[in-house]
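Structure first, then comments.
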Amino acid sequence: MAPIKDRQSLFEIGITTMLISFALAPAFSMTLNLILALGHWLFLTSATLFALEAARRLHPVAGSFLFSIITAILATEILVQQLTGLHLNGFTLSLMFESGWRQNIGLSFTAVLAPIALIAFSFLLARARPRKALRLPLRPTLALAIIGATVSQLAYALLYFEADTHVMETRRKLPFFTAMHPYRAEKLLHPFLGDRPLNPFALSRADVASPERITRDLNVTRPRNILMVIADSIRAADIKADPGVAPNIAALAGYGMLSLDHYAASNCTHFSMYSMFTGKLPTAYEAARRAAAPTGLMSWLEGAGYKLSSAEALSLDWYDLSSLLFSPAKRTIASSGTAAERDSFVTETTIDMLSKAGERPFFHLAYYNGAHFPYGDNDPLPGLVGGTPESYRNAVRATDAEIGKLLEAVRETGRDMLVVVTSDHGESVFEHGTVGHASALTDEQMIVPFGVMGGSNLPLPGSQLGIADFILAELGAEQERATDTPTLLSNCSYAFPNGFAVIEDDRRADFLFEDGFLSPVPSPNGTMPPKAFQLEAAQQLVKAINSEASN
């Protein structure tokens, strides 16, 4: 009989199975997609137990170490998914390779250390002498993993082939799941099921924008100074419910113009800022990165003789954002300090710029970050949970106070200046069970304030896709205003959006995007629009993306 240290502890088996079950629980539903979820559960559980058994047979310490690593990964996946609606995947892991990733995500040092502590704790538990243990048979365990993988892959292919409207939603809820490309699935099933009906929501890779620089030769007939204020993660709903949360932003309704129904183009910074500065959907973001040439408002205004500058609470180097949009500018970045201190730096730097500005027209960006997760300098539960709804509102109040100082300085200068105040995206603060952004196209994450001071009463754009043309229209540039109908929303990813929403009047259609295909899904409130509007919305969306590719 094998020594007990060479056998799997029932404790390890139970913990591993329980964590995998918790991680997959959001994907379980009383539909045919349950077969997909159960197949993936069987694969993940059997494959993990097989790996643990094989490692322990190789050496007991290797088995214990692998158990500790797997425990930390599964626990982190559950926490990330429950709090943010995201998974541990290529996108979330890629965040750690961006400059200033810990501050941009909002993780405290204790949160970074937590997985390491969990690994150590799990390792010590695994090394403790188990009271009950068994020797798992490798071949049957591996066979179960193969069966699970086969069932999940076939279920996904069949459900996709039959155009099940929930299959893509289920896939998004499954952690550590990958599947064959729909094209290959169709090839595999065609001999048995015949031709698949034409997918009216299909979007091929050929429709994606080509890597060309977006250029504009401006004819500025009314040169004006421009101050653009972007405060991270401020949603409009709180200001609408209580103007006292952001009295200085709310005051723009009195001496300027203010919309609290303005849609962000996306729910993450690099996509939304790209749309703000170019007027383009973020579907063109990766193509613009490959073009490796500055584009957007700053580069266009540089050609028109403008002096360009920025003051940034955190460096806007997220996914090459700064080199794409801000490289012509003289950038000043807060190097350290608390969130409040960095925001104060932005105010002081911008006021100093205003006092020294000469006759040459300028465009200046003031970027505040204090309302970003974990909301100011709050870290109530070692950085793992972030703030509360009240700490979020307090962070918004603090950022608004800085904006108020800046607007007062603008008024004191007496200069002809167009001031635009907005946010890059909104924020979920435990609505729908999540915190943060980049996870879903909800109103909380997508509706932001948009205010103007010193404008000429032009109609305010309904979404960030119209901001660039709004500013150019204020300058008398000979450019057409972007239409606000329909409103197009793009869910976050690092290169190409992984979901969309089309809003027109009181109708809304949502789509997931995967491997070149659009799949209709329920809106965040759980409703599905009539099929006729789904088809119309898909056609409008594909037309808009094709238009980006042809420009």
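One compactness figure for the stretch 1-82 is 1.21, namely its Cα radius of gyration divided by 2.2 N^0.38 Å. Other residues whose C-beta falls under 12 angstrom from the C-beta of T71 contribute a net charge of -2, scoring Lys and Arg +1 and Asp and Glu -1. Taken over the stretch 225-479, the percentage of Cα pairs per 10 Å bin, counting from 0 up to the bin with the maximum distance, is 7, 33, 40, 17, 2, 0.
Restricting the calculation to alpha carbons of the stretch 401-539 gives Rg and Dmax of 18.0, 55 angstrom.
On a 30 Å Cα-Cα criterion, which of the cross-link pairs K240/K405; K173/K531; K307/K543; K187/K280; K187/K531 come out too long?
Numbers: K240/K405 22 Å; K173/K531 24 Å; K307/K543 36 Å; K187/K280 35 Å; K187/K531 27 Å.
From K240/K405; K173/K531; K307/K543; K187/K280; K187/K531, over 30 Å: K307/K543; K187/K280.
For W318, W300, what ranking results if the residue with the fewest other Cβ atoms within 10 Å of its Cβ goes first?
So the ranking, lowest neighbour count to highest, is W318, W300.
Taking other C-beta atoms within 10 angstrom as a stand-in for reagent exposure, M18, M446, M168, M30 fall in the order M30, M18, M168, M446, fewest first. If the chain linking D416 and K356 were pulled fully straight, counting 0.36 nm for each residue of separation and taking away their Cα-Cα distance, it would gain 20.1 nm. As a calculated quantity, the FRET efficiency between D217 and A25 at R0 = 41 Å, using C-beta atoms, amounts to about 0.15.
Determine by what factor the alpha-carbon radius of gyration of the stretch 256-314 differs from 2.2 N^0.38 Å, reporting the quotient.
Numbers: Rg = 13.4 Å, N = 59, 2.2 N^0.38 = 10.4 Å.
Taking N as the residue count of the stretch 256-314, the ratio is 1.29.
Calculated FRET efficiency, A532 to F11, Cβ-Cβ distance, R0 = 60 Å: about 0.60 to the nearest 0.05. What the Cβ-Cβ distance of T150 and R507 gives, at R0 = 45 Å and to the nearest 0.05, is a FRET efficiency of 0.65.
Compute the projected area of the convex hull of the Cα atoms of the stretch 395-481, averaged over all viewing directions, and report it in nm² to one decimal place. Before the final figure, lay out the partial values.
Working: hull surface 27.7 nm².
Quarter of the Cα hull surface area: 6.9 nm².
In plain terms, the C-alpha convex hull of the stretch 487-551 casts an average shadow of 4.7 nm² when viewed from every direction.
Since every read-out is calculated from the coordinates, none of them should be taken as a lab result. As the structure is a prediction and not an experimental result, all values here were calculated from the model. Methodologically, a virtual Cβ is constructed for each residue, glycine included, from the backbone with ideal geometry; neighbour enumeration extends over all protein chains shown.
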